[in-house]
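> Sharing a structure here in structure tokens format.
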Amino acid sequence: MRGLVIDGVDQTRQALSEFLTKRGYEVVVAATGSEGLSRAKTLLPTVAFVAQHLPDMGGEHLIMPLTNQAVGTRVMMMADDVELDKAVHAMKHGAEYYFAKPLDFDQVAMILDGVETLQQSSREIPFSHRVERRKSDRTPTIGESPQIIRVQRLIKLLAQNPATPVLILGESGSGKELVAQSIHSLSGVPGPLVEINCASLSENLLESELFGHEKGAFTDAKVLKKGLFEVAAEGTIFFDELGEMPLAIQAKLLKVLDTHTFRRVGGVADITSCARFMAATNRDLPQLVQQGRFREDLYYRINVIPVKVPPLRERGEDILLLADYFTRQVGASMGKGNIRLTSEVKELLLGYRWPGNVRELRNVIERTIILAGDGQMAPEHLPSEIRLSHPVPAKMTDTMRLHTLVQVEEDYIDQVLRATGNNHSRAAAILGISRSTLLVRLKKMNRLS
């Protein structure tokens, strides 16, 4: 294990260096951000402790360079005064944890226990599931729309209550896995986050993956195997595509949630696991309950505070915030750090409905950057379905009635309100304005009393 400490304060560098050395780390220290980044590229540290205020820059500017694929470091931010908004901002952009100074080394030790467990688990867990987040897929919950702000608030709330089950709902590609990763990271639990896709395995294999099996439990059980509930002890187990889980496994899952105990396949001893339950689905679970394809008791057990991730098309100008983030992220990985979105490209991105949501947006940005070469991203680099999503205006004739800009805007606001069932928050997000701005406009239009 390798550790990097970046802080302009001598006492902090020395104290952390001694602490990490006692834990068996190879430690390197730096007094400035530029020096720290240079050393990180050589050391490739497992974990980096970074001060929020450095002599040459803000520590948050080091998060992306340290967490990208080239370095792959887990970043721990340190601040003299922890401000919640800054802490959430740092962790949304890739920081693992946010400590207050002076450091509580018992707390630091607890977090490092989890990091070290992850390092070990990542070498032991098979291909059928993934251990806590792949760095290349880590996309912050970026956005300023009312819907995504609500999601961000729920993430913080659920992170403060690590015993509560989490059910994440939303369309495919909308960022449900990211929400699970964010809640896990913010909660500060020492164990790892492990993931399993309920649709990718048969019932027998799924049971073995979750609960493990004893040697000789079945023909191919040559050795004892730990299940995910054991691997995720003191951490989080995340079930993707929960709606596809077989009913027989649902019954066993409910027992684990109620008793925190289970048995390996072929075993007789009860094993305890305090792993937190998280799940995501794009299916309508109440409908599956009515159809007898999902257990009603399990649904009510996990549906405590559901997190509904909005589709990208309802998030207004969040589309451009995400597009700009992906442009910088992907462009930097390709050595094109100066590439930018043109106004024409932005207009086309805003007009498209994004059936594949955030995942589709990232793929489109990557494609566009590749096709743009060394030049700027232009409309011709976008997929045809996006270029053609804007209707071509009909040619104006003398007999056609012309509208003022105010009339056009009011008509469009009415259209969006009808489409959203007069939901002001959703309408504001689609229009790309705040809810308060929409209410002011509606009052001027005499749509509000």
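> Here's a check for you: in segment 131-150, which residue that is among the aliphatic types (A, V, I, L, M) and either over 13 Å from the mean Cα position of the chain (by Cα) or modelled with pLDDT of 90 or more (or both) is nearest to MET278 (Cα to Cα)?
VAL131
> Could you tell me which numbered condition LYS255 fails, if it satisfies all but one of (1) of a type in the set (Lys, Arg); (2) touching a Ser or Thr at 6+ places or on another chain (Cβ under 9 Å); (3) surrounded by fewer than 17 Cβ atoms within 10 Å (Cβ to Cβ); (4) over 30 Å from ASN161 (Cβ atoms)?
(4)
> Against the definition (at pLDDT 90 or above, assigned to a loop (DSSP other than H, G, I, E, B) and not assigned by TED's automatic domain parsing to the domain that holds TYR97), how does SER174 come out, yes or no?
yes
> Still on this structure, please answer the following. Taking segment 205-248 on its own, how many of its residues are among the β-branched types (Val, Ile, Thr) and modelled with pLDDT under 85?
Residues flagged as among the β-branched types (Val, Ile, Thr) and modelled with pLDDT under 85 within segment 205-248 amount to 2.
> Could you check, for segment 114-130, whether at least one of its residues is assigned to a loop (DSSP other than H, G, I, E, B) and modelled with pLDDT of 85 or more?
The answer is no; no qualifying residue exists.
> Show the residue pairs that are 6+ apart or on different chains and have beta-carbon atoms under 7 Å apart, the first residue being within segment 314-339 and in contact (Cβ under 8 Å) with a residue 60 or more places away in the chain, the second being among the hydroxyl-bearing types (Ser, Thr, Tyr) and outside any helix (DSSP H, G or I).
Note: pairs meeting the criteria are ARG315/SER145; GLY316/SER145; ASP318/SER145.
> Okay, moving on. Scanning segment 356-374 for residues that are of a type in the set (A, V, I, L, M) and in contact with a strand residue (DSSP E or B) (Cβ under 9 Å, 6 or more places away or on another chain), which turns out farthest from ALA323 (Cα to Cα)? Step through it out loud before you land on a result.
The first filter runs over segment 356-374 and keeps only residues of a type in the set (A, V, I, L, M), leaving 358, 361, 364-365, 369-372.
Next, from what is left, pick out any that are in contact with a strand residue (DSSP E or B) (Cβ under 9 Å, 6 or more places away or on another chain): 365, 369, 371.
Values: ILE365: 7, ILE369: 11, LEU371: 16 Å.
Within segment 356-374, the match that is farthest from ALA323 (Cα to Cα) is LEU371.
> Working only within segment 400-449, note down all residues that are among the β-branched types (Val, Ile, Thr), exposed (fewer than 15 other Cβ atoms within 10 Å of the Cβ) and under 18 Å from GLN147 (Cβ atoms).
Correct list: THR437 only.
> Please pick out the residue among VAL50, VAL82, VAL28, VAL71 that is buried (at least 16 other Cβ atoms within 10 Å of the Cβ) and at pLDDT below 90.
Among VAL50, VAL82, VAL28, VAL71, only VAL71 is buried (at least 16 other Cβ atoms within 10 Å of the Cβ) and at pLDDT below 90.
> Let me ask something additional. Residues in segment 181-195 that are in contact with a strand residue (DSSP E or B) (Cβ under 8 Å, 6 or more places away or on another chain), in a helix (DSSP H, G or I) and farther than 20 Å from GLY227 by Cα: how many?
So the first thing to find is which residues in segment 181-195 are in contact with a strand residue (DSSP E or B) (Cβ under 8 Å, 6 or more places away or on another chain), and the list is 181, 183-185, 187-189, 191-195.
Filter once more, so that each one left must be in a helix (DSSP H, G or I): 181, 183-185, 187.
Filter once more, keeping what is farther than 20 Å from GLY227 by Cα: 181, 183, 185, 187.
Total satisfying the criteria: 4.
> Got a number for residues in segment 214-246 being surrounded by fewer than 22 Cβ atoms within 10 Å (Cβ to Cβ) and over 30 Å from MET110 (Cβ atoms)?
Qualifying residue count for the region: 14.
> Output the number of residues of segment 394-419 satisfying the condition of being under 24 Å from ASP318 (Cβ atoms) and modelled with pLDDT under 75.
Looking only at that region, the number is 1.
> Scan segment 197-204 and give yes if some residue there is at pLDDT below 90 and in contact with a Ser or Thr (Cβ under 6 Å, 6 or more places away or on another chain), otherwise no.
No; the residues of segment 197-204 include none that is at pLDDT below 90 and in contact with a Ser or Thr (Cβ under 6 Å, 6 or more places away or on another chain).
> List the helices (runs of 4 or more DSSP H) inside segment 216-328, counting only whole elements, that have at least 2 residues being more than 30 Å from ILE148 (Cα to Cα), outside the structural domain of ALA159 (by TED's automatic domain parsing) and over 18 Å from the mean Cα position of the chain (by Cα).
Because the criterion is at least 2 residues that are more than 30 Å from ILE148 (Cα to Cα), outside the structural domain of ALA159 (by TED's automatic domain parsing) and over 18 Å from the mean Cα position of the chain (by Cα), no helices (runs of 4 or more DSSP H) in segment 216-328 meet it.
> Buried (at least 16 other Cβ atoms within 10 Å of the Cβ) and under 21 Å from THR420 (Cα atoms) - does that describe any residue in segment 322-342?
Taking every residue of segment 322-342 in turn, none turns out to be buried (at least 16 other Cβ atoms within 10 Å of the Cβ) and under 21 Å from THR420 (Cα atoms).
The values are calculated or read from the model by the stated rules, or taken from the named source; none is laboratory data. What you see is a predicted model; the values in this text were computed from it and never measured. Cβ atoms come from the backbone with ideal geometry, glycine included; neighbour counts cover every protein chain shown.
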